[in-house]
Amino acid sequence: MDFSKTHFIKSAHLPSQWLPDRGAEVAFAGRSNVGKSSAINAITNRKGLAKTSKTPGRTQQINFFEVEAMRRIVDLPGYGFANVPDHVRKHWAQSIEEYLAERRCLRGLVLPMDSRRPLTDLDVQMLEWCESAELDVHILLTKADKLKSGKMKATVNDVQRQLGDVPGITIQAFSAVNKTGISAARGLVAKWLSETID
Ligand SMILES: Nc1nc2c(ncn2[C@@H]2O[C@H](COP(=O)(O)OP(=O)(O)OP(=O)(O)O)[C@@H](O)[C@H]2O)c(=O)[nH]1
Ligand SMILES: [Mg+2]
């Protein structure tokens, strides 16, 4: 799959603004500031495609990017970010829940977690929800450049062990900065997006 022409289509604040539920989508969800938008840019090799920021809470709407006709990547707002008014946080949580529950063209979820703080309570909740919905999840342990390689390997093993042998969950180390794991992640996204569509 060629990601080089991936482009932004729209930001949706409300479900009525979502693109039609056709084709195939892969969504990126996860805690605020873990590097979801940076991962999208690294995987598509398109700098600045998804907006990133040092300040948590950058992605506030559901952003749709088209890789090719009927094949899309979706950037979701981060969860677990305390520093916004209650009603805003609730709105984001509701958007994410509705999207994941209702989106029939969703083929898989990429769940980035900061390698230094993986498996927060909300991550575990998200994984349990995906398991019950039979949605495949690929965990990226992000910012791998921040850990020494031995520590990074131990973290991957540790997270793997904590999750046990759940079918439908895969996991890898990832860094948008030093490029760790980018081609593996790209391969998986391409595989999900290439699945047959109606
Ligand atoms: N060192 C390092 N920093 C990274 C990496 N990926 C992202 N960052 C930094 O982490 C911060 C957050 O990155 P984003 O991609 O905006 O994170 P996000 O998960 O989309 O954040 P929200 O949209 O706010 O939920 C930015 O300062 C990035 O530069 C990485 O692989 N290594
Ligand atoms: Mg973001």
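Read the figures in this text as sums done on the coordinates, not as results from a lab. The shown structure was predicted, so the numbers you read here are calculated from the model rather than taken from an experiment. So basically every Cβ, Gly included, is an ideal-geometry build from the backbone, and we count neighbours across all protein chains shown.
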Q: Once you have the Cα-Cα distance between Lys191 and Val166, take 0.36 nm times their residue separation minus that, and quote the gain in nm to one decimal.
A: 7.0 nm
(Q) Across the stretch 7-194, what fraction of all alpha-carbon pairs, as a whole percent, falls in each successive 5 Å bin from zero upward? (A) 1, 8, 18, 22, 23, 17, 8, 3, 0, 0
Q. Using a Cα distance threshold of under 16 Å, what count of lysine pairs results for the stretch 7-194 when pairs must be 8 or more residues apart or interchain?
A. 15
Q. How large is the dipole of the chain about the Cα centre if only Lys and Arg carry +1 and Asp and Glu carry -1, each at its Cβ, rounded to the nearest 20 debye?
A. 1080 debye
(Q) With a 10 Å cut-off between alpha carbons and a GNM built on the chain, which of Lys54, Lys153, Lys90 moves the most? (A) Lys54
Q.
In 10 Å bins starting at zero, report the fraction of Cα pairs in the stretch 28-133 per bin as a rounded %.
A. 14, 49, 34, 4
Q. In nm, what is the difference between 0.36 nm times the number of residues separating Val124 and Lys51 and their Cα-Cα distance?
A. 23.7 nm
Q | Percent RCO, i.e. relative contact order, over the chain, from Cα pairs under 8 Å lying at least 6 residues apart | A | 25 percent
Q.
I'd like the Karplus ³J(HN,Hα) series for the stretch 169-178: coefficients 6.51, -1.76, 1.60, θ = phi - 60°, whole numbers in Hz, and an x wherever there's a Gly or Pro.
A. 10, 10, 8, 7, 7, 8, 8, 6, 8, 9
**Q.** Residue among Ala144, Ala12, Ala185 with the largest mean-square fluctuation in a Gaussian network model of the chain, springs linking Cα atoms under 10 Å
**A.** Ala12
